[in-house]
1. Please identify the pairs in which a residue from region 172-195 that is within 13 Å of Phe66 (Cβ to Cβ) and modelled with pLDDT of 95 or more has its Cβ atom under 7 Å from the Cβ atom of a residue that is in a helix (DSSP H, G or I) and more than 16 Å from the ligand (Cβ to nearest atom), counting only partners at least 6 apart or on another chain.
2. Can we say Ile198 is over 12 Å from the mean Cα position of the chain (by Cα) and either more than 12 Å from the ligand (Cβ to nearest atom) or in contact (Cβ under 8 Å) with a residue 60 or more places away in the chain (or both)?
3. Report, by residue number, each residue of region 32-56 that is farther than 15 Å from Tyr201 by Cβ and either in a loop (DSSP other than H, G, I, E, B) or within 15 Å of the ligand (Cβ to nearest atom) (or both).
4. With (1) within 16 Å of the ligand (Cβ to nearest atom); (2) more than 21 Å from Ile55 (Cβ to Cβ); (3) in contact with a helix residue (DSSP H, G or I) (Cβ under 9 Å, 6 or more places away or on another chain); (4) assigned to a helix (DSSP H, G or I) as the list, and Val133 as the residue in question, which single condition is left unmet?
5. Run Arg311 past the list (1) within 17 Å of the chain's Cα centre (by Cα); (2) at pLDDT below 95; (3) not aliphatic (A, V, I, L, M) and report the number of the one that doesn't hold.
6. Could you figure out which of (1) in contact with a Phe, Trp or Tyr (Cβ under 7 Å, 6 or more places away or on another chain); (2) part of a helix (DSSP H, G or I) isn't true of Phe27?
7. For region 226-275, which residues satisfy the criterion of being closer than 29 Å to Glu343 by Cα, within 12 Å of the ligand (Cβ to nearest atom) and part of a helix (DSSP H, G or I)?
8. Tell me, which residue of region 205-220 that is more than 13 Å from the ligand (Cβ to nearest atom) and buried (at least 24 other Cβ atoms within 10 Å of the Cβ) is farthest from Gly332 (Cα to Cα)?
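The values are calculated or read from the model by the stated rules, or taken from the named source; none is laboratory data. Everything quoted here is computed from the prediction, not taken from an experiment. A quick note on method: Cβ atoms are made from the backbone with ideal geometry, for glycine too, and the neighbour counts reach across all protein chains shown.
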Amino acid sequence: MIFRPLNDRGVIARWQQYLPVSDATPFVSLNEGSTPLIHSPKLSAKVGRGCEFYIKYEGLNPTGSFKDRGMTVAISKAIEEGAEAVICASTGNTSAAAAAYAARAGITCVVLLPAGKIAFGKLAQAFMYGAKVVAIDGNFDDALRLVREIGETEPIAIVNSINPYRLQGQKTAAFEIIEELGDAPDFHVLPVGNAGNISAYWMGYQEFHQLGKASRAPRMIGFQASGSAPIFHNKVIENPDTIATAIRIGNPASWEYATAAVTNSNGAIDIVTDEEILSAQMWLASNEGIYVEPASAAGIAGIFKSLDPARAAERRFPEIPEGSRIVCTVTGHGLKDPDVAKEQCGSVIPAPAEKNEILRRLT
Ligand code: AN7
């Protein structure tokens with residue numbers, strides 16, 4: 001089956017000339033990418049001194065996370081190379097994306113998940129898209145190790161971000177930001193788990209800088225959850241833990257790329273606590289109408305930490321010069337993880353089905 005897009009939507013169709021695709025590559029696409037870059041007047045005001053703050057809302061991709069950008073390329077190349085099955089380890093979003101794009105391509109998808117540590121929305125996606133879901137008695141790092149082992153002996157394509165096509169696809173988010181802002185921002189803030197996304201953005205920013213499409217590349221600022229912060233602590237974390245299950249990773253696959261991105265961009269890796277993550281998640285939903293999953297709020301939590309004068313001594317975020325433009329990627333949709341929200345929800349107001357009774361309860 002040959003897939004061709006109806007229009008120029010979708011990461012491969014839009015950015016074809018910058019991607020490792022050819023006329024022989026089928027486009028397995030769900031019209032991913034081209035996500036909104038939303039200006040935040042409230043966060044701009046919080047940063048102050050004429051700075052402008054933008055949110056790249058990746059939760060609006062077809063499976064609800066940024067993983068679709070890389071998966072369209074990885075699955076398209078797998079089909080081009082004749083694969084009939086793909087496999088990945090995942091904290092949830094990669095498996096949702098792999099399952100969806102494999103379904104679209106008509107091939108088998110196997111996902112290895114850490115048992116009991118996947119947000120329910122993501123598990124539901126893997127099942128609904130028809131993947132074979134294996135829950136292992138271990139964490140994400142164990143699952144990724146097993147995927148590598150299986151890939152060595154079995155005729156199955158690995159679509160984790162150790163597959164270079166994934167980062168190629170993900171770098172297109174940086175292109176979109178440059179196109180929309182007319183230049184690269186001064187700072188790019190995002191959550192870090194397996195460290196593929198920070199590496200991919202840095203690739204994309206550098207590529208457009210070298211092509212003269214941007215006058216600079218931003219300083220890359222990544223935030224890890226404090227219980228799962230191997231890059232911050234510069235050591236493998238054997239038993240990573242955080243409520244932000246998407247970034248519950250102790251030995252990131254793209255560790256070296258991420259370190260290079262941070263060093264070469266004069267950026268930083270910092271940490272935020274689960275409490276800070278949940279509070280930023282709630283703030284973003286209730287102040288900007290942008291509902292993201294906990295991991296996705298890590299960057300916003302990081303901004304709040306960096307602006308708190310009481311934390312000045314411990315923060316790694318560099319000084320933000322006057323008039324800076326800051327982009328923060330929020331990586332996944334809030335509906336992915338309804339259970340976390342349940343715990344944060346207030347109680348409902350019970351009322352009889354009668355107008356005056358309702359109004360009385362609202363005063
Ligand atoms: C919402 O799905 O690793 O640093 O297996 O789902 O590129 O890993 C997910 C990661 C941030 C971290 N936000 O990005 C997986 C997986 C969300 C995520 C990250 C993930 P990377």
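1. Thr172/Trp15; Ala174/Phe208
2. no
3. Once the filter is applied, which keeps residues that are farther than 15 Å from Tyr201 by Cβ and either in a loop (DSSP other than H, G, I, E, B) or within 15 Å of the ligand (Cβ to nearest atom) (or both), region 32-56 yields Glu32, Ser34, Pro36, Ser40, Gly48, Arg49, Gly50, Cys51.
4. Failed condition: (4).
5. Condition not satisfied by Arg311: (1).
6. (2)
7. Within region 226-275, Pro230, Thr245, Ala246, Ile247 qualify.
8. So, considering only residues that are more than 13 Å from the ligand (Cβ to nearest atom) and buried (at least 24 other Cβ atoms within 10 Å of the Cβ), the one farthest from Gly332 (Cα to Cα) is Ala214.
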